[in-house]
Amino acid sequence: MLKTYFKITLRNLWRNKLYSFINIAGLAMGIAAFILILQYVSFEKSVNGFHENIATTYRLLNEDPKGQTWPQVEPGWAQKAKDRFPEIQAYCRFEEGVGQGIVRRNAENAEPFRETNVGYAEGNFFEFFSFNVLEGSAAAFKKPNVVFLSTATAKKYFGKAEPVGQSLTLYNQFGKANYTVSGVYDIPVNSDIRYDMVFSLETLSNPANLNDNDWAQLDNLSSQYIHTYFRINETADYKKLEQKLTTLRNELKKDKDGLVFRLQPFANVHLPASFSDTYQTSGNLKYVYILSIIAILILAIAWFNYINLSTANALKRANEVGVRKVVGASRGSLVLQFLGESMLVNLISFGLALLIVRLLQPLFNTIIEKELTFTSLLSTPAWVAGLVLLIIGSLLSGAYTAYSLSGFNPVETLKGKLVKTTKAVVLRKSLVVFQFSISIGLLLATAFIYRQLNYMQNKNLGVNTDQLLVIRGPQVDKDSTYKMRRTAFINAIAQQSFVKDYSLSGSVPGNGYNFATSGFSQPGSRKGDELKSFSFALIDDRYLNTYQIGLAAGRTFTQAETMVDWNDNDKVLMNEKAIEELGFKSPEEALNTKVQWDERKLQVIGVVKNYHHIGLQKAIDPIIFYPQSNSAYFTVRLQTDRIQDNVAQLETMFKSYFRNNPFEYFFANDNFNKQYISEQQYSKLFTTASVWAIIIACLGLFGLATYTVEARTKEIGVRKVLGANVLTIARLLSKDFLQLVFIAFVIAVPVVWYAMYRWLENFAYKVQLSWWVFAAAGIVAIGIALLTISFQAIKAAIANPVKSLRTQ
Amino acid sequence: MIKITNLEKYYRTEEVETVALNKLSFEIKEGEFVAIMGPSGCGKSTLLNIVGLLDDADGGSFMFNGIEVAGFNERKRADLRKHNIGFVFQSFNLIDELTVFENVELPLIYTGVKAADRKTRVEEVLDKMQIMHRRNHYPQQLSGGQQQRVAVARAVVNKPKLILADEPTGNLDSSNGNEVMQLLTDLNEQGTTIIMVTHSEHDAKYSHRIIRMLDGQTVTENILV
């Protein structure tokens, strides 16, 4: 019996090629989207799961009274806690960002590289965590001045040569230090901790290696810069330990900062257990959910196509059902047959989907910025859930079809009576409405995300970032000749005809601030003002000019003022927001006032107009500009179009003054827009998802239109004989569908309005939810639907009525 | 074999109720060949559907082989039907996606006959209907006469006690029609009871008895043999 079912299914698919194509293509597209997204979900769920002791490992977090948490804690707590609390078996500390610098192989003419993804880590790092040490032994990391490299980094520095035993020099804020390569490791892609190279933290235990950076002392309880992980006894209650840690903190810390300790299970470091878990995580649960919902919605659109098309196609199958019943088929066996059919169609689609996944994998990886492969899917049991969902979905969509088809009364179907129950028609219409609600919803979301992105990228920032080239300052060989070489380099830049302006600064728009601090007040300020936080940007006398940032009052620094030592300086600039925070009513009122910063008095010599130093997600911060000829960044405003040549010239100049330093540059506008990566990702994702959903929904609509036209051939023929013209008939056929799309639009609008309203709350500067965007999206959707239907409608309308009447 | 007493059937739409069978009574004995005649809309096909257990009556009694089947649900009717009744339709009603062989095989599949037995029985009946050479063709590839022979083959492959034929020659030319009538006569001679609805006096002559209907009732019965 199965064999005949199989045979008849295949023959049916072959006979109704258009119908089969629409069904299979739609399902395959839906399943492919589902598999791709499932890969991502599965990957996200698998992150950090490979650590053997994950269940007993906890990350230490600081939490402020507002409930904000962060993993950078003071380095001294780990040992103190282990000494005090026996349930702590071991700890491991590592930092991210502090160790950044330039690394160079100790060899003639070796190329220097800036390394940002590096850090210092505890000696037991490779034992505490389950990373694979391929060369050298994990224990070797316990010594000072030792570095371990990832396989890729080892290759980058040493090529095919044996890396273990070689030496590297690291130039960073701790000065210049030599490290011996003692190990090569491999970090799985699904690890949150991923260093390109990791230096032994033990090195910093020697005060001589700190380069006067006393804040970095490993036993200090005041600077928060290190990540601390504890391994605790299986029987220990981590919630109790958490309290004990806070008690310890309050006992040992002199300046009470109101912070408490939290322990975060390692398993929740990447993705929280639920939305109520608000601790800082490295992954984004919301994104995982949004993607999962999109996946299921797209899949639903495809299944609805299947239901719609197979019930619409019932007309053709009715006779078969009748015959089978007459020769003895029970309803059960017919249900089984149609269910089998739907399983087969789903199976074929699944196979095709795998092919699509293969083809689209690179594109999808670009959108979500992950290196996913098909094996990512199998890394957690998520694929089982996915498979179960696929099976249930195909069973359900098949079941409805099977149920409705098998219920036909053979007496009627064999007479060729039209099978048209109002229930089926209502269902079909509802499904079309649902499909288009989703498609239009995604389309609308895309429109608003795109508009917001566009707005952020094009809003007047108050600073002109066009044609601004920023070169990262040197870090290697900052010896006694450095200042002289720097001046020479600056002078050389100034003489270039293509340079319109130039500046030195410690911070540039888009790259954050130098630091943030509190403790400011002015004679007229209220109590509590000293607790307000101000951001610091270190700039020279040319910064405002080069960046074309306006002054609201006063003047900028002179060159002489930028040469004054840090502690001797008594002049600052503030932006409008900063003086407002300090309680000044106008820039003029602030001008020349002396502002108190802890013990120091600083004169406000100018008020800078508000501009966006960081992305438009955040409101403009209060900024204090401090005069420094800091050389973290050289900014050059170019005035030619021959940018490539200019960059080459600048590189030659840079290399001649700062040998052994890598020449690294970026364009200020690109750099600023990098802050919108997450929004760009959303925009790409929603564009793809909405295009995908619309294609699948339109495939279904096309199929339905085809059937409707077939079913109404006689009616159309009669109408034409009676004098209806092509337009009337096309309109007649399109009207019903367009009504459905319009209803879908009406449903989608409030949902999208609410979702986008919530999303836009993330931005301090945002677009309006304008009615015309909704209207435009509605028109686009209806237009696409009309285009889809009109092909069939017009074809039917221009057909010869004699022919269409004869077919009935 | 069939005893029908006061059988009633109505068709209702929202506004009108039409009486299709109005307290109809008759009896058919095993081995009979009965033709049912009457103008369009007199209830012939309705009667055939009820006798064929495809449809249920709204009132009255229907005894099939001594069992009251009037109250049977769909499953019970289907079960009784597949073992006892074969159908031949005016429009053949073959499944387009199945070959001649597969179409004829279908009833055997539903009655759970093993594959090897199915093959023998299908081939046997195809041979008898002289369409063995067409066994792998699809219905669209056959002439009307051939299609109806396949339909007859399908109706008899399960060796039913009763064959119901609804205008079996309605879509055929006279020579093909006569051939089909001859087939039915042969089957009847081998013991199968046949009830045939027809408009054709010529075809009716093949039967033993003609029941004439009008407005849901029998008006006359002509005994031909």
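Read-outs throughout are calculated quantities, based only on the coordinates presented, and are distinct from any laboratory measurement. What you see is a predicted model; the values in this text were computed from it and never measured. Here the Cβ positions follow ideal geometry from the backbone for every residue, glycine too, while neighbour counts run over all protein chains shown.
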Cross-link reach from A:Lys577 to aspartates and glutamates, straight Cα distance under 12 Å and at least 8 residues apart if same chain, gives A:Asp621
Helix A:17-46 sits off the longest principal axis of the Cα atoms of chain A, rounded to the nearest 10 on a 0 to 90 degree scale, by 30 degrees
Sorted largest first, the C-alpha extents of the range A:468-673 along its principal axes in whole angstrom are 54, 37, 25
For chain A, the longest principal axis of the Cα atoms and the Cα long axis of helix A:482-495 enclose an angle in degrees, to the nearest 10, of 60 degrees
Counting only backbone N atoms under 17 Å from a point 7 Å out along Cα-to-Cβ of A:Asp214, the residues of the range A:73-99 in range are A:75-76
quick note, the protein assembly as shown, DSSP beta bridge pairs, % antiparallel (nearest 5) is 70 percent
Rounded to the nearest 500, the 222 nm mean residue ellipticity computed for chain A from DSSP H runs (n ≥ 4, each -39500 (n - 2.57)) alone is -16500 deg cm²/dmol
Taking R0 as 30 Å and r as the Cβ-Cβ distance between B:Tyr11 and A:Leu10, the FRET efficiency 1/(1 + (r/R0)^6), rounded to the nearest 0.05, comes to 0.15
With the 8 Å Cα cutoff and a minimum separation of six or more residues, the range A:313-454 has a relative contact order in percent of 48 percent
For the table B:Lys76/B:Lys119; A:Lys478/A:Lys674; A:Lys156/A:Lys176; A:Lys3/A:Lys316, the rows whose alpha-carbon distance is greater than 24 Å are B:Lys76/B:Lys119; A:Lys478/A:Lys674
Helix-only [θ] at 222 nm, chain B, -39500 (n - 2.57) per DSSP H run of 4+, per residue, nearest 500, equals -10500 deg cm²/dmol
Simple SL model, points at 7 angstrom along Cα→Cβ for A:Ser276 and B:Val19; separation in nm is 7.1 nm
Quick calc: nm separation of the 7 Å Cα→Cβ label points for A:Asn545 and B:Asp173 -> 10.6 nm
Per DSSP, the loop-located trypsin sites (Lys or Arg not before Pro) within the range B:112-197 having at most 10 other beta carbons within 10 Å are B:Lys114
When A:Ser505, A:Ser333, A:Ser200 are arranged by how many other beta-carbons sit within 10 Å of their Cβ, fewest first, they go A:Ser333, A:Ser200, A:Ser505
Burial-style ranking of A:201-210, A:448-457, A:430-439, average other-beta-carbon count within 10 Å with highest first, yields A:430-439, A:448-457, A:201-210
re the range B:72-121: pairs of Cα atoms spaced beyond 11 Å account for a percent value of 74 percent
In degrees, nearest 10, the alpha-carbon axis of helix A:238-252 is tilted away from the dominant principal axis of the alpha carbons of chain A by 20 degrees
The distance between the Cα centres of the range A:481-535 and the range A:571-629, in whole Å, is 13 Å
Beyond 25 Å (Cα-Cα) in this structure, taken from A:Lys483/A:Lys601; A:Lys142/A:Lys244; A:Lys7/A:Lys429; A:Lys286/A:Lys459; A:Lys609/A:Lys766, we find A:Lys483/A:Lys601; A:Lys142/A:Lys244; A:Lys7/A:Lys429; A:Lys286/A:Lys459
Mean other chain Cβ within 10 Å across A:325-337 is 6
Most packed first (mean Cβ within 10 Å per residue), the peptides B:166-174, A:700-708 order as A:700-708, B:166-174
Output field shielding_mean for B:75-87 (other chain Cβ, 10 Å radius) holds 3
If R0 = 60 Å, then A:Thr481 and A:Lys527, at their Cβ-Cβ distance, give a FRET efficiency to the nearest 0.05 of 0.75
Mean other chain Cβ within 10 Å across B:105-114 is 4
Once phi for every residue in the range A:698-709 is put through the Karplus expression 6.51 cos²θ - 1.76 cosθ + 1.60 (θ = phi - 60°), the whole-Hz ³J(HN,Hα) values, with Gly and Pro written as x, are 5, 4, x, 4, 4, x, 5, 4, 4, 5, 4, 4
Cα extents of the protein assembly as shown along the principal axes, largest first, in whole Å, come to 133, 66, 55
Expressed in angstrom and ordered largest first, the alpha-carbon extents of the range B:2-223 along the principal axes are 48, 37, 37
Chain B: longest segment with zero exposed GluC sites (Glu not before Pro), where exposed means DSSP loop plus at most 12 other C-beta atoms within 10 Å, is residues B:31-225
